[in-house]
Amino acid sequence: MKVPVKSILVITPDAAVSQAIGSALGGDPGLKVETKASSLTQLNGKAVKFAQEHDFIIFDTDPGNEADLHAIEELARDRREGVILLALTSSDISLAAARKLTRAGVDEVLPYPITGAELTEQLDRLRARATPEVVKGGAGARIGRLIAVAQARGGSGATTVALNLADALTGKGGFLHKADKHKVALVDFDLQFGTIGSALDLDEQDTLLKLAQDGTVPDIRFLEQSMATLPGGLSVLPAPSKFAPVDALRADQVAAILDLLRQTNDYVVVDLPRALVGWVEPVIEQTDELLIVTDLAVPSVRHARRLMDFFKTVNIGLQTTVVLNRESRPLIRSGVHKEAAAALNSKLEFWLPVDEKAARAAVDQGKPLSAVASRSPLTKAIGHLAKAITKALPAAARVGASR
Ligand SMILES: Nc1ncnc2c1ncn2[C@@H]1O[C@H](COP(=O)(O)OP(=O)(O)OP(=O)(O)O)[C@@H](O)[C@H]1O
Ligand SMILES: [Mg+2]
């Protein structure tokens with residue numbers, strides 16, 4: 001198949017940057033590279049015009065500069081359908097700064113300096129996400145946001161958070177703004193110990209096991225047919241009901257599953273496995289927000305920190321959010337809270353209280369919390385988390401939708 005030529009516009013006043021990108025990408029016959037020796041703000045609104053003519057816009061930016069952020073917002077708002085925005089920033093950018101950029105509408109934050117190999121790898125991935133074949137749905141095809149959920153220790157509540165967050169993100173539980181109704185997919189990648197299927201009382205099905213055994217890369221029809229859809233619209237890919245070795249999946253299969261689900265959903269929520277197998281890497285590479293579910297016990301906090309550090313070696317711009325489960329928000333923070341906040345480099349914004357009654361009712365009835373205890377403190381706290389996520393990561397990058 002002939003690969004269509006994609007055109008890239010590089011906007012930077014720094015000749016060294018444009019030269020480095022030009023020589024990294026110049027040899028690729030599938031890419032046409034054009035450069036504007038200017039900053040985004042110097043283009044003074046003209047960037048929007050250029051955005052009509054190119055598939056990728058790469059620009060260097062300083063997230064501390066409000067004018068830059070404003071220019072990015074404009075560009076993101078008025079871009080032609082399918083145009084992907086990549087921001088180059090210094091490699092020691094803080095998480096808060098990276099988050100500012102994605103909030104403004106950037107699809108990918110790339111730390112600079114970046115090697116040619118890294119840059120082409122990122123572009124290939126984004127290109128695969130937005131090829132005409134996959135956006136053939138025209139208006140409404142999506143590039144969904146990926147939220148991965150990890151646990152600081154066994155039983156810390158990661159599955160409860162993943163499942164009920166996915167449910168809340170659909171918008172049907174009344175947690176979000178009335179107009180915010182989202183398509184959401186929930187994937188149980190806890191291959192060996194996954195409990196989402198039973199927590200939602202789904203029929204046993206072994207899509208992931210079949211993929212592992214056949215070694216095939218799925219297409220969207222296969223995935224959609226094998227996913228269960230709940231009444232509220234949440235679609236679910238459960239873990240196999242039979243035993244599967246934890247390394248049974250390959251990284252390219254996992255990457256394909258996520259790519260496909262992101263094209264058809266506004267949000268994809270992934271319950272991660274306990275083991276850090278190789279195929280977790282593509283999940284983390286694509287993750288927009290990693291939630292680490294923990295409690296305040298010292299070993300949990302330490303493990304949460306180690307996990308964060310490890311995942312950031314895979315995805316340097318990874319945004320992480322700490323979710324404290326079975327912990328009520330304190331009125332006044334004690335030394336323990338302050339130490340945890342420092343160790344996790346987090347403001348500790350999300351607290352989910354102990355709520356045995358609601359948790360038990362949900363498990364017993366095989367339904368999300370919103371269906372069995374919509375007003376319980378735990379349901380509300382997860383709704384609050386969903387709202388914060390939709391604010392930080394609006395379901396904005398919809399390819400082809402007029403916004
Ligand atoms: N805030 C809470 N209040 C009361 N019970 C909770 C709360 N959070 C989770 N639970 C319960 O604790 C148990 C473990 O939760 P869950 O399965 O979500 O944890 P996990 O981190 O995914 O565990 P695993 O290591 O098995 O993957 C479940 O029975 C769940 O209903
Ligand atoms: Mg679990």
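The values are calculated or read from the model by the stated rules, or taken from the named source; none is laboratory data. Nothing here was measured: the structure is a model prediction, and the numbers come from that model. Here the Cβ is made from the backbone with ideal geometry for all residues, glycine too, and neighbour counts use every protein chain on show. Surface areas here come from the heavy atoms of the whole protein model, side chains and all, with no ligands, DNA or RNA. Shrake-Rupley method; radii C 1.70, N 1.55, O 1.52, S 1.80 Å.
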Query raised in the report: Restricting attention to the range 222-246, and to residues there that are within 20 Å of GLU281 (Cα to Cα) and either of a type outside the set (A, V, I, L, M) or not assigned by TED's automatic domain parsing to the domain that holds VAL277 (or both), which single residue is farthest from the chain's Cα centre (by Cα)?
Result: PRO245
Query - Among the candidates GLU327, GLU356, residue that is of a type in the set (Asp, Glu), open to solvent by less than 80 Å² (accessible area, probe 1.4 Å) and within 12 Å of ligand 1 (Cβ to nearest atom) - result: GLU327
Query raised in the report: Pairs, please: C-beta under 6 Å, at least 6 apart or cross-chain, first residue touching a residue at least 60 places away in the same chain (Cβ under 8 Å) and more than 19 Å from ILE292 (Cα to Cα) and in the range 349-367, second aromatic (Phe, Trp, Tyr) and part of a loop (DSSP other than H, G, I, E, B)?
Result: none
Report summary line: Log entry, pairs with first residue in the range 324-341 being of a type in the set (Asp, Glu), second being part of a strand (DSSP E or B), beta carbons closer than 7 Å, six or more apart or on different chains, reads GLU327/TRP351
Report summary line: Here the residues within the range 189-204 that are within 14 Å of GLY366 (Cα to Cα) and in a loop (DSSP other than H, G, I, E, B) are THR195, LEU200, ASP201, LEU202, ASP203, GLU204
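Any residue at all in the range 289-305 that's touching a Ser or Thr at 6+ places or on another chain (Cβ under 8 Å), farther than 29 Å from GLY335 by Cβ and in contact (Cβ under 8 Å) with a residue 60 or more places away in the chain? Reasoning before the result, please.
Step one: of the range 289-305, the residues touching a Ser or Thr at 6+ places or on another chain (Cβ under 8 Å) are 289-295, 300-301, 303-304.
Checking which are farther than 29 Å from GLY335 by Cβ leaves us with none.
No, because not a single residue in the range 289-305 is touching a Ser or Thr at 6+ places or on another chain (Cβ under 8 Å), farther than 29 Å from GLY335 by Cβ and in contact (Cβ under 8 Å) with a residue 60 or more places away in the chain.
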Query raised in the report: For the range 264-326, list the strands (runs of 3 or more DSSP E) that sit wholly inside it and hold at least 2 residues that are more than 16 Å from ligand 2 (Cβ to nearest atom), closer than 23 Å to LYS391 by Cα and not assigned by TED's automatic domain parsing to the domain that holds LEU191; which are they?
Result: none
Query raised in the report: Since GLU285 meets every condition but one in (1) open to solvent by 10 Å² or more (accessible area, probe 1.4 Å); (2) over 30 Å from ALA96 (Cβ atoms); (3) within 16 Å of the chain's Cα centre (by Cα), which condition does it not meet?
Result: (2)
Query raised in the report: Do we find a residue being among the β-branched types (Val, Ile, Thr) and either within 16 Å of ligand 1 (Cβ to nearest atom) or assigned to a helix (DSSP H, G or I) (or both) anywhere in the range 208-218?
Result: no
Query raised in the report: Based on what the data block shows, is LEU191 more than 16 Å from ligand 2 (Cβ to nearest atom) and either under 14 Å from ALA239 (Cβ atoms) or in contact with a strand residue (DSSP E or B) (Cβ under 6 Å, 6 or more places away or on another chain) (or both)?
Result: no
Requested in this report: Pick out the one residue from SER334, SER370 that is open to solvent by 40 Å² or more (accessible area, probe 1.4 Å) and polar (S, T, N, Q).
Outcome: SER334
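Return the total of residues in the range 231-246 being in contact with a helix residue (DSSP H, G or I) (Cβ under 9 Å, 6 or more places away or on another chain) and open to solvent by 30 Å² or more (accessible area, probe 1.4 Å). Quick ask: steps written out before the conclusion?
Of the residues in the range 231-246, the ones in contact with a helix residue (DSSP H, G or I) (Cβ under 9 Å, 6 or more places away or on another chain) are 231-232, 234-245.
From the residues that got through so far, the ones that are open to solvent by 30 Å² or more (accessible area, probe 1.4 Å) too are 231-232, 241-243, 245.
Residues that pass the stated criteria total 6.
Which residues, taken from the range 149-183, are among the acidic types (Asp, Glu) and in a loop (DSSP other than H, G, I, E, B)?
Filtering the range 149-183 down to residues among the acidic types (Asp, Glu) leaves 167, 180.
Correct list: ASP180 only.
In the range 247-258, which residue that is touching a helix residue (DSSP H, G or I) at 6+ places or on another chain (Cβ under 6 Å) and either in a helix (DSSP H, G or I) or outside the structural domain of LYS183 (by TED's automatic domain parsing) (or both) is surrounded by the fewest Cβ atoms within 10 Å (Cβ to Cβ)?
Quick first cut of the range 247-258, residues touching a helix residue (DSSP H, G or I) at 6+ places or on another chain (Cβ under 6 Å) only: 248-249, 251, 253-255, 258.
Still in the list and also either in a helix (DSSP H, G or I) or outside the structural domain of LYS183 (by TED's automatic domain parsing) (or both): 251, 253-255, 258.
Numbers: ALA251: 15, GLN253: 20, VAL254: 24, ALA255: 19, LEU258: 24.
Taking the candidates together, the pick is ALA251.
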**Report entry** Near pairs, Cβ below 7 angstrom, 6+ apart or cross-chain, from the range 42-65 (assigned by TED's automatic domain parsing to the domain that holds ASP14 and more than 12 Å from THR12 (Cβ to Cβ)) to any residue that is among the aromatic types (Phe, Trp, Tyr) and surrounded by fewer than 17 Cβ atoms within 10 Å (Cβ to Cβ)
**Finding:** none
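Please state which one of ALA185, ALA166, ALA162, ALA150 is farther than 17 Å from LEU230 by Cβ, out of contact with any Lys or Arg (no Cβ under 8 Å at 6 or more places or on another chain) and open to solvent by less than 10 Å² (accessible area, probe 1.4 Å).
Values: ALA185 fails: farther than 17 Å from LEU230 by Cβ; ALA166 fails: farther than 17 Å from LEU230 by Cβ; ALA162 fails: farther than 17 Å from LEU230 by Cβ.
Sole residue among the options that is farther than 17 Å from LEU230 by Cβ, out of contact with any Lys or Arg (no Cβ under 8 Å at 6 or more places or on another chain) and open to solvent by less than 10 Å² (accessible area, probe 1.4 Å): ALA150.
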Requested in this report: Return yes when VAL269 is β-branched (Val, Ile, Thr) and at pLDDT 90 or above and no when it is not.
Outcome: yes
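Does GLY155 satisfy the criteria of being open to solvent by 40 Å² or more (accessible area, probe 1.4 Å), over 18 Å from the mean Cα position of the chain (by Cα) and within 16 Å of ligand 2 (Cβ to nearest atom)? Steps first, answer last, please.
Values: open to solvent by 40 Å² or more (accessible area, probe 1.4 Å): yes; over 18 Å from the mean Cα position of the chain (by Cα): yes; within 16 Å of ligand 2 (Cβ to nearest atom): yes.
So GLY155 fits the description; yes.
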